[in-house]
Amino acid sequence: MVCALSLGCLTACGGNNSGNEPQNDTATNQNDSTDADVPAADDGESQKDFVGDAYSDTGEGTFLLVNSSGTTENGNVIVVYADADTTLMQIGYETAGINGGSLSHIYIDGMLSTKEQLGDSQGSLDLSGDSLSTGTHKVEVVQYEGDNADGTVTMYKVASYDVKEK
């Protein structure tokens, strides 16, 4: 009986074997494309537009974040209250003595938020997504030689805000 089943299996398996090969190739191709997609997703999550860890305050002028909790003058950290339903919020900034002839790149947590022509000015920054997550966030203002982000940093200012749940 075992021999009969074995012969039946060989005949059945032999007939289906060519049908299984494309399925195996398809499964292999799916795995290959999945493996190729994984590193790209990891690279996108860890990539920042600017990493300012090596910089300290340099260049002319001041940059302060301002809201109802105060300012970031003298290294203070302002507090922003948000809840899970908050999708967009704004915080103010004030600048003085910054070179208005150069473009200022404003980064929040290393991601480009906006480019502005600053000098003695006031404005606001939009906070959304990760920049509204609970915790301390860093805002960096950078000017580059020739206004090119690949150029040498000529001005660097930093301020922080802390998001707390309402």
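The values are calculated or read from the model by the stated rules, or taken from the named source; none is laboratory data. Since we're looking at a predicted model, the values are computed, not measured. Using ideal geometry, Cβ is built from the backbone for each residue, glycine included, and neighbour counts are taken over all protein chains shown.
Structure notes:
- Looking only at residues in region 97-114 that are of a type outside the set (Val, Ile, Thr) and surrounded by fewer than 16 Cβ atoms within 10 Å (Cβ to Cβ), the one that is nearest to the chain's Cα centre (by Cα) is MET111.
- Criterion (among the aliphatic types (A, V, I, L, M) and more than 22 Å from VAL79 (Cα to Cα)) met by exactly one of VAL139, VAL153: VAL153
Per-residue answers, yes or no, for (1) loosely packed, with under 15 Cβ neighbours inside 10 Å; (2) among the polar types (S, T, N, Q); (3) not in a strand (DSSP E or B):
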| position | (1), (2), (3) |
| --- | --- |
| ASP53 | yes, no, yes |
| GLU60 | yes, no, yes |
| PHE63 | no, no, no |
| ASN74 | yes, yes, yes |
| VAL79 | yes, no, no |
| ALA84 | yes, no, yes |
| GLY92 | no, no, no |
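- The listed residue being under 15 Å from LEU65 (Cα atoms) and assigned to a strand (DSSP E or B), out of SER124, SER131: SER124
- Test result for ASP130, over 22 Å from GLY59 (Cβ atoms), of a type outside the set (Lys, Arg) and surrounded by fewer than 15 Cβ atoms within 10 Å (Cβ to Cβ): yes
- Filtering region 101-119 to residues that are touching a strand residue (DSSP E or B) at 6+ places or on another chain (Cβ under 9 Å), modelled with pLDDT of 95 or more and part of a loop (DSSP other than H, G, I, E, B) leaves SER102, LEU103, ASP109, GLY110, GLN117, LEU118.
- Residue pairs whose Cβ atoms lie under 7 Å apart, sitting 6 or more positions apart in sequence or on different chains, and linking a residue in region 107-130 that is within 25 Å of ALA54 (Cα to Cα) to a partner that is part of a helix (DSSP H, G or I), are ILE108/SER131; ASP109/ASP130; ASP109/SER131.
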